Amino acid sequence: MKKVAIFWPGDYRDKPNEWARPQVGETTKQLQQALKKLGRQPYVINGFLTKPHEAIEHLGPIDDPMIGVFAHWTYGPHTCDGVAGKDNPLLLASNFSGQWPGLVALLNTGACLESIHRPFSRIWTSAADWTKDKTFMERLDDWCTTGKICYPEHELQYAAPVTPEQQSLATEVVAGIRQKRILALMLGDTSMGMINGYFGPRLLARHGFAEHKVDQAWLPGRVREIKADRIDAAFQFVRQKGVQFHWREKDAEDFTEDSTRAQLAMYLAALDLLDEFKADCLGWQYQLGLLPVLPPSDFSEGLLNSICRPESNGDLVITSTEADQGNLIPMEIMKRLLLKKKLHQAVMFHDVRWAGERKGRWLWVLLNSGSCGAYAFNHNPDTLKGVHSYRQPAGYFPIPGGTFAGESLPGKMTWARCYIKNSELWMDVGRGEVVKLPPKVRDAWWEGTTRQWPFMAADLGCSMETVMAHYLSNHIAVAYGDIFGEMVAASLMLGFKVRVLTDWLGKK
């Protein structure tokens, strides 16, 4: 192949595309230089693809090999809908930068492509001059020559040792699910084009789950019905329990007590819906439809994922932001395993945002605006201390509302993710460790991503390359404590195909 088409999948929103244009342009320049050095003739499709029809119109007619540039957040359909049903070589390329979530978009788009059976390859580099990265150039040459890139698979396992005690505990949890299947209340079904995270009843029913959809358009009316005394009590509760609100700070002058009260009304409305439908867990679409109508749901979601919350029944409600069933399923199973093992039941929801090397270890910055509970920041189920609420950036969220943020404490952890592959549900499971960074390193990594969001530095127990080459999501579920064997056993009993990503299988 000589000619290679380069395209720019984009965000639906104009501002993020314009903010990232310099990085996208530089990434494209580097990619063109690398292709020319390999004797190829790159050409660029003009402009960002910001809607599905643009992908269909611009990518559909192309039979040349194609490379998508991922240097900021993009929607999966802005690639998928233009390449579905075609077999020309497709490559997703990222600059591996934490400034804009380009590698997050690469992972999400890869998972979306996998869910529709569209073959693709991935490539990335953090080099300033891509042509000087020998490994990158060899891989790009492989793709140009063969139409695909093959990565090592030695850290992918399809079995794991499970002790009799772990099997017994998992059997008890699965028996409870089989006796009463898990009902997920879904406020919407996909967010920002993450089609890989919606499974629907045809897949959920095979594995002990059911869903009930309630259009999130119900929320504005329900919020108006929440009585003032409930909002007042909730407001006093979160202040007394230790949340630090960053009202009226620089670039957040419009973020006030009233913003938080509106978010608490949303929280209470969600509680009422959960009670009405007797649902076990919640998927919350979050973006984009209600942005001009309500504040962001982050603070509401963080409270739901905490035992310490207004009108608590002593349990948390597993809440998956962006209506992502690929995290909702493992989070709910992990919660039940944690409870049965007498560990704290919190499970955190994060983006796989970026990674850096620290003392010979690859540590991932796990960072999501929505569903991380307070336990990560304090390891005390009876308080909200350590929680900070900053204004969500105004460029994304016109109506002011706060996040549910903090620095995650160190400790051993188990992680998991569910995804679609070959029209079946798979479960990735791994062991890892949350790591405490020196303040200067932590702040550099945090400021280099999105400072208003909850922060976790984590060793996922496998190499960076394995995650980038094989992981099938931009999201991950993290629980403190070792429930690895129990999660493998429970997933298998519930009918999921299991894959373990590890370089320390069998190690404690």
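The values are calculated or read from the model by the stated rules, or taken from the named source; none is laboratory data. Since the structure is predicted, the reported quantities are computational estimates derived from the model, not experimental observations. All Cβ positions, glycine included, derive from the backbone under ideal geometry; neighbour counts span all protein chains shown. What goes into the accessible areas is simple: the full protein's heavy atoms, side chains included, and nothing from ligands, DNA or RNA. Shrake-Rupley method; radii C 1.70, N 1.55, O 1.52, S 1.80 Å.
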Taking amide hydrogens as modeled 1.01 Å from N in the peptide plane, which residues meet the under 5 Å criterion relative to R122, leaving out close sequence neighbours?
L92, I149
What residues have an amide H closer than 5 Å to that of F199, excluding those fewer than 5 places away on the same chain, when H is modeled at 1.01 Å from N in the peptide plane?
Q325
Nearest 10 degrees, 0 to 90: what angle lies between the long axis of helix 484-493 and the longest principal axis of the chain (Cα atoms)?
80
Going by alpha carbons, how many degrees (0 to 90, nearest 10) lie between the helix axis of 228-240 and the longest principal axis of the chain?
70
Roughly what % antiparallel, to the nearest 5, for the DSSP beta bridges in the chain?
50
Aspartates and glutamates near K148 by alpha-carbon distance under 20 Å, same-chain residues fewer than 8 away left out - which ones?
D63, D64, D87, E114, D133, E138, E465
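Where does the chain land on the Kirkwood hydrodynamic radius, alpha-carbon pairs, in angstrom? Provide the component values of the computation, followed by the final result.
Numbers: mean 1/r = 0.0433 Å⁻¹.
For the chain, the Kirkwood estimate is 23.1 Å.
With all protein chains present, how much of the accessible area of the chain (probe radius 1.4 Å) comes from carbon and sulfur, to the nearest whole percent? Before the final figure, lay out each step's value.
Numbers: 9590 of 18860 Å².
C and S fraction of accessible area: 51 percent.
I'd like the FRET efficiency for E357 and D382, computed as 1/(1 + (r/R0)^6) with the beta carbon distance as r and R0 of 45 Å, rounded to 0.05.
Values: r = 37 Å, r/R0 = 0.82.
In this case the efficiency is close to 0.75.
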One-quarter of the Cα convex hull surface for the range 1-135, in nm²?
7.3
Calculate, for F277 and T146, the FRET efficiency according to 1/(1 + (r/R0)^6) with r their C-beta to C-beta distance and R0 45 Å; round to the nearest 0.05.
0.30
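In what sequence, highest mean first, do 495-501, 200-206, 234-240 appear when ranked by Cβ atoms within 10 angstrom? Write out the running numbers ahead of the final one.
On the way: 495-501: 19.6, 200-206: 13.6, 234-240: 16.3.
Averaged packing, sorted descending, gives the order 495-501, 234-240, 200-206.
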Output the peptides 167-175, 401-409 sorted from most to least packed, where packing is the average of other Cβ atoms within 10 Å over each peptide's residues.
401-409, 167-175
Where does helix 257-276 land angle-wise versus the long Cα axis of the chain, in degrees 0 to 90, nearest 10?
80
Taking amide H positions as placed in the peptide plane 1.01 Å from N, state which residues far from S320 in sequence (5 or more) or on other chains have amide H under 5 Å from it.
L282, G283, W284
Pairwise centroid distance, computed over Cα atoms, of the range 226-248 with the range 436-492, Å
30
Past 28 Å, Cα to Cα, is the threshold; run K213/K385; K412/K440; K3/K134 against it and keep the listed order.
K213/K385
Net +/- balance of residues flanking I62 in space, Cβ distance below 11 Å, scoring K and R +1, D and E -1:
-1
Accessible area per residue, Å², the range 348-440 with all protein chains present, probe 1.4 Å
31
Under the Karplus curve 6.51 cos²θ - 1.76 cosθ + 1.60, θ = phi - 60°, whole-Hz ³J(HN,Hα) for the range 378-383, x wherever Gly or Pro sits:
9, 6, 10, x, 9, 9
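At a Förster radius of 22 Å, what calculated FRET efficiency corresponds to the Cβ-Cβ distance of N313 and H246, to the nearest 0.05?
Calculated transfer efficiency: 0.15.
Between T131 and D254, what is 0.36 nm times their sequence separation minus the Cα-Cα distance? Round to one decimal in nm.
Details: separation 123, 0.36 × 123 = 44.28 nm, distance 4.62 nm.
Net length gain for the segment: 39.7 nm.
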Note the full-extension length gain between E26 and H154 as 0.36 nm times their separation in residues minus their Cα-Cα distance, in nm to one decimal.
42.7 nm
Extreme residue, positive dipole direction of the range 251-371, given options N327, L366, H344 (C-beta unit charges)
H344
Over the chain, the sum of -39500 (n - 2.57) across DSSP H runs of at least four, divided by residue number and rounded to 500 deg cm²/dmol, gives at 222 nm -11000 deg cm²/dmol
Give the lysines reachable from K180 as a straight Cα distance under 18 Å; neighbours fewer than 8 places away on the same chain don't count.
K278, K335, K340
